[in-house]
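Enquirer: Okay, here's the structure, questions in a sec.
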Amino acid sequence: MMFLKKSLLAVSIALTTLSGCNSNTPTEYSAARFATYNLSFDRATYEILADEMSMSHTEQSNLINMFKQSPERLTEDQKSTAKRIIQIRNVAETIQRVRPNAFVLAEFNNDGEGKDMTAINGFHDNYLAYSQNDQRPINFTFKKNVATNTGRASGFDLDRDGKKTDIKNDAWGFGGYHGQYAFAIFSQFEIDEKNVRTFQNFKWKDMPGEENLKIIDCKLSKSGCPTGMKEGDNWYSDEAWQQMPLSSKNHVDVPLIIPTKAGNEVIHFLVSHPAPPIFNNVANHNYEHNRAELKFWDDYINAKSYFYDDNGKTGGLAAGSKFIIAGDMNADAMKGDGDRLTIDKLLKSPYVNINATVGGKKPTSKGGPECFDLGHCKAENSNTLYPEAITSVSGLRLDYVIPSSNLSINNSGVFFPSSREEGYHLVFDKELGASKGVTSDHRMVWMDLDLTK
């Protein structure tokens, strides 16, 4: 039996035996697996994703069988849908193999407000609830759909091209429509809804030390500086800057209640998906946006007082709280285009378990190093100092599960199988490739907490 299969299976059995993992009525947990996964469900419209998730298991199977056996009988749209259904099923199989108790679903489109549960429930009931490739179905009693700033109309010409489109670069967060690139949370632990905090409307200007971005180099854009503007000028109008939210999507604090032998344990699931520090304008806006979104968590776990959430509650995380920071952070401490110092500071914060972030318990895989050898990962990042820790085909470590210093870690990993391991078909397929065609351009990252200590 392959190493990956044995290691994941052993931990899965341990979680099931010791903690009642995947039971509908667990009495107590001695271990818990937290994870994050960028699913690459970034469809052209929310309705497309909702329709795909609403397909019954039988409808899915019939379409896939037709696609494989008689593709000439399908329209091009039907063929495209079949490929996307295969991708969704592969993503579901990945989740069934890793079997987290609670995890982030990044790039899961919604209606913008996070109110419509059609796609979320459909993914759970029509995909996760059915065995994928002989894997055991998995159930999550608690689901959290999260409002997002991506594609949310700003009312301003944020990209300074003379047009107010209210989408893409003129939205508060980049998105072709309100709800694209959103994220959600699935949990087998109860969500303490009364104490959930969201920071969708926290203003960037209200973070200490932050100010309106300035044009730093007109040569950063092929089109140069906008007419009438020069280096040193404020990029955003004063009115736009006063309203600019910090979160490109959202920052959320979701307390999860975990029954243990010693009583209920509350762990704050701190989730976000910062803007990628690429596709910058002459003010380097995405770089700065990513940096500030990462700084948010470093200040939040330091219990800084300047925060206010969408319900008006002020202050950061209470001192001594247990937490897991998770999500696609779009930042690598050693490589890439982002502010490496900011993510490095977060990974080495005195408030986090450093052994689990940069030490011997950090998540790794065998598939990461091989990905460069096979030419599936970006060659320019092949000289990274930790190829075993990369989490995407970019060859960068972008996705994180960061536990607080008062949490003990049993195990961790990146679901990035090598060609000699079980599950390789979920990260590479000759026809579907090694990226979004087969599952995602990101890999699932997981970490096991020891709740007996």
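Taken together, the values in this text are just the output of simple stated rules run on the coordinates, not laboratory data. Keep in mind the model is a prediction, meaning the values are calculated, not measured. All Cβ positions, glycine included, derive from the backbone under ideal geometry; neighbour counts span all protein chains shown.
Enquirer: Please report the Cα spread of the chain along all three principal axes, rounded to whole Å, starting with the longest.
Expert: 64, 61, 44
Enquirer: On to the next question. Report the full-extension gain for the segment MET229 to LYS79: residue separation times 0.36 nm, less the Cα-Cα distance, to one decimal in nm.
Expert: On the way: separation 150, 0.36 × 150 = 54.00 nm, distance 4.79 nm.
That pair, MET229 and LYS79, stretches by 49.2 nm at full extension.
Enquirer: Tell me the mean residue ellipticity at 222 nm calculated for the chain from its helices only (DSSP H runs of n ≥ 4, each -39500 (n - 2.57), averaged over every residue, nearest 500).
Expert: Counting only the DSSP helices, I get -7500 deg cm²/dmol.
Enquirer: Now a separate question. How many nm separate the modelled label positions at ASP116 and PHE142, each set 7 Å beyond the Cα in the direction of the Cβ?
Expert: 2.7
Enquirer: Further question: In debye to the nearest 20, how big a dipole does the chain give about its Cα centre with +1 on each Lys and Arg Cβ and -1 on each Asp and Glu Cβ? Mind dumping the intermediate values first?
Expert: Values: 50 positive and 57 negative charges, 208 e Å.
So the dipole magnitude of the chain works out to roughly 1000 debye.
Enquirer: Another question about this same structure. In what order do TYR287, TYR424, TYR181, TYR306 fall by count of nearby beta-carbon atoms within 10 Å, going from fewest to most? Could you put the intermediate results ahead of the total?
Expert: Numbers: TYR287 21, TYR424 17, TYR181 25, TYR306 13.
Fewest to most other Cβ atoms nearby, the residues stand as TYR306, TYR424, TYR287, TYR181.
Enquirer: What pairs in LYS164/LYS335; LYS205/LYS230; LYS144/LYS313; LYS79/LYS163; LYS115/LYS203 have C-alpha atoms more than 28 Å from each other? Present the calculation step by step, with values, prior to reporting the outcome.
Expert: Details: LYS164/LYS335 35 Å; LYS205/LYS230 22 Å; LYS144/LYS313 20 Å; LYS79/LYS163 36 Å; LYS115/LYS203 23 Å.
Pairs exceeding the cut-off: LYS164/LYS335; LYS79/LYS163.
Enquirer: Now, a different point. Over the Cα atoms of segment 82-124, what is the Rg over Rh ratio if Rh follows Kirkwood? Don't jump to the answer; show the numbers that get you there.
Expert: Numbers: Rg = 11.5 Å, Rh = 11.7 Å.
Answer for segment 82-124: 0.98.
Enquirer: Relative contact order, percent, of segment 273-426 when contacts are C-alpha pairs under 8 Å separated by at least 6 residues? Don't jump to the answer; show the numbers that get you there.
Expert: Values: 269 pairs, mean separation 34.9, N = 154.
Worked out over segment 273-426, it gives 23 percent.
Enquirer: P(r) of segment 305-453 in 10 Å steps, Cα pairs, percent per bin?
Expert: Computed distribution, short to long bins: 11, 37, 31, 16, 5, 0.
Enquirer: Given an 8 Å cut-off on Cα distances and at least 6 residues of separation, report the relative contact order of the chain as a percent. Write out the running numbers ahead of the final one.
Expert: Working: 1045 pairs, mean separation 75.6, N = 453.
Normalised by residue count, the contact order of the chain is 17 percent.
Enquirer: Using Cβ counts within 10 Å as a stand-in for footprinting exposure, how do LEU317, LEU374 rank, fewest first?
Expert: If I rank by nearby Cβ atoms, fewest first, I get LEU374, LEU317.
Enquirer: On a C-alpha basis, how far is the centre of segment 216-295 from the centre of segment 35-94 in Å? Whole number, if you could?
Expert: Each part's Cα centre sits 32 Å from the other's.
Enquirer: Using a 10 Å cut-off on Cβ atoms, rank the peptides 196-206, 330-340 from the highest mean neighbour count down.
Expert: Working: 196-206: 18.1, 330-340: 21.5.
Descending mean neighbour count gives 330-340, 196-206.
Enquirer: Which whole-Hz couplings ³J(HN,Hα) result when phi for each residue of segment 139-154 is put into the Karplus expression 6.51 cos²θ - 1.76 cosθ + 1.60, θ = phi - 60°, listed in order with x for Gly and Pro?
Expert: Once rounded to whole Hz, the list reads 10, 10, 5, 10, 10, 10, 8, 10, 4, 9, 8, 5, x, 7, 4, 9.
Enquirer: Show me 404-415, 114-125 ranked by packing, highest mean number of other Cβ atoms within 10 Å first. Walk me through the numbers on the way to the answer.
Expert: Working: 404-415: 20.2, 114-125: 18.5.
Sorting 404-415, 114-125 by mean packing, highest first, produces 404-415, 114-125.
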